[in-house]
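Encoded as structure tokens, the structure appears first; notes follow it.
The values are calculated or read from the model by the stated rules, or taken from the named source; none is laboratory data. Since we're looking at a predicted model, the values are computed, not measured. Cβ sites come from the backbone with ideal geometry, for glycine too, and all protein chains shown count toward neighbours. The accessibility values were calculated without ligands, DNA or RNA, using every heavy atom of the protein model including side chains. Shrake-Rupley method; radii C 1.70, N 1.55, O 1.52, S 1.80 Å.
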Amino acid sequence: MSGLVTRNRMIGFAIAAVIFVVDQWLKWLVDGPLGLKRIGDQLELIPFFDFTRVHNYGVSMGMLQADSPEMRWGLVAVTAAIAVAVAVYMFFQRRFIDILPLALVLGGALGNIVDRFRWGYVLDYADFHIGTFRPFLIFNLADAAITIGVVILLATSLFMGEKPDDDAAEANDASPKETT
């Protein structure tokens with residue numbers, strides 16, 4: 001069992017938990033103390049960033065709208081299955097660079113699953129804008145974590161190349177170096 005519980009994996013699951021907790025706390029703030037109760041309610045924080053309440057009934061960029069109870073629970077089931085797969089896959093990784101993006105995806109997925117389970121939609125609030133130009137859709141911390149995690153996964157798979165086999169890497173480290 002000690003082989004499954006490594007420092008990097010524990011840090012990864014801790015990161016996922018922190019993302020989940022902070023995401024839920026921010027959504028509680030938006031829905032509660034900040035008083036953004038209706039879709040479109042807005043609170044200007046700084047000139048280029050507001051909290052604006054939006055309900056996302058779909059997945060990324062509003063695709064696959066869950067406009068029925070069956071679709072809602074189908075999205076909960078699919079995203080829960082993805083979260084479980086990501087958590088299991090974390091146990092097959094050893095390097096922190098491989099665990100970190102999975103932790104980001106896991107924490108974000110859990111945050112959005114809870115919303116969909118509780119409300120039937122994902123509460124989005126982060127509204128970045130330059131004047132009236134909005135380069136992004138309104139999002140939340142969970143969405144940002146998932147996006148950053150996926151970008152890191154893509155970057156490491158494209159630019160880091162093949163991971164060395166752990167046994168081969170240990171054998172190479174243990175063998176004497178040849179000099180010329």
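Quick check on segment 79-159: what are the equivalent-ellipsoid semi-axes from the Cα gyration tensor, as sqrt(5λ), descending, whole Å? If you can, show how the numbers build up before the last one.
Details: eigenvalues 128, 69, 11 Å².
With the √(5λ) rule applied to segment 79-159, the semi-axes are 25, 19, 7 Å.
Split the accessible area of segment 1-145 by element, probe 1.4 Å, and carbon with sulfur accounts for 73%.
Over what distance in Å are the Cα centres of segment 1-54 and segment 91-114 separated? If we compute the Cα centre of each part, the gap is 15 Å. Kindly provide the trypsin sites (Lys or Arg not before Pro) of segment 66-166 that DSSP labels as loop, not H, G, I, E or B, and whose Cβ sees at most 14 other Cβ atoms within 10 Å. The qualifying sites are Arg94, Arg95.
Database remark: amide H of Asp41 closer than 5 angstrom to the amide H of Arg53 (H placed geometrically; neighbours at sequence offset of 5 or more, or on other chains; Pro and chain starts carry no H).
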